[in-house]
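Take a look at the structure set out below.
The values are calculated or read from the model by the stated rules, or taken from the named source; none is laboratory data. Keep in mind the model is a prediction, meaning the values are calculated, not measured. Note that each Cβ is placed from the backbone with ideal geometry, even for glycine, and that neighbours are counted across all protein chains shown.
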Amino acid sequence: MHTFRTSNELMGKIHRGMRRFYEYQMKKYNITPPQFEVLISLWSEDGLVLSELSKRLSRDGPTITGIIDRMEKKELVRRERSTRDRRIIQVYLSEKALEMKEALVHLQQTAGSDIINDFTQEDLKMLESLLSKLLANIEQKIIPRMNHHK
């Protein structure tokens, strides 16, 4: 009988396997997987407000601030105060980060293709649907419990 425990174990193995792969690959570029997530977000929309970046990556304020601090030291990003509202901090990519984009996106796309190469379109639709349901349940039922117990 297939149980939540079996599904949970599979999700854990998938997460750990991909995390190990990305950590290994990212070492070549002297970045971490969370820093890669920031780069992906900024490659699609440079100049994001720090709080929006935090929301998109599901990271709390202090965590995203630490990630950005370390990326600034590596000269991958820079922070700038908004000219319209000095309280707002925007994050911009450096030339160094822009130069990394092609290689890192290719790496991500190749890994993604390898993972799903024997899936049908129907399989992918079903997988995306199930994962979306899982995420919605986590956001609607699990995370509120965490916030309630603070």
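Points worth noting:
- Checked against (1) at pLDDT below 95; (2) surrounded by fewer than 11 Cβ atoms within 10 Å (Cβ to Cβ); (3) closer than 21 Å to Leu98 by Cα, Pro62 meets all criteria but (3).
- Tally of residues being in contact with an Asp or Glu (Cβ under 8 Å, 6 or more places away or on another chain) and at pLDDT below 95 across segment 66-89: 1
- Taken over segment 17-46, residues that are small (Gly, Ala, Ser) and either more than 15 Å from the chain's Cα centre (by Cα) or not assigned by TED's automatic domain parsing to the domain that holds Val105 (or both) amount to 1.
- Looking only at residues in segment 113-123 that are modelled with pLDDT under 95 and surrounded by 11 or more Cβ atoms within 10 Å (Cβ to Cβ), the one that is farthest from Met18 (Cα to Cα) is Ile116.
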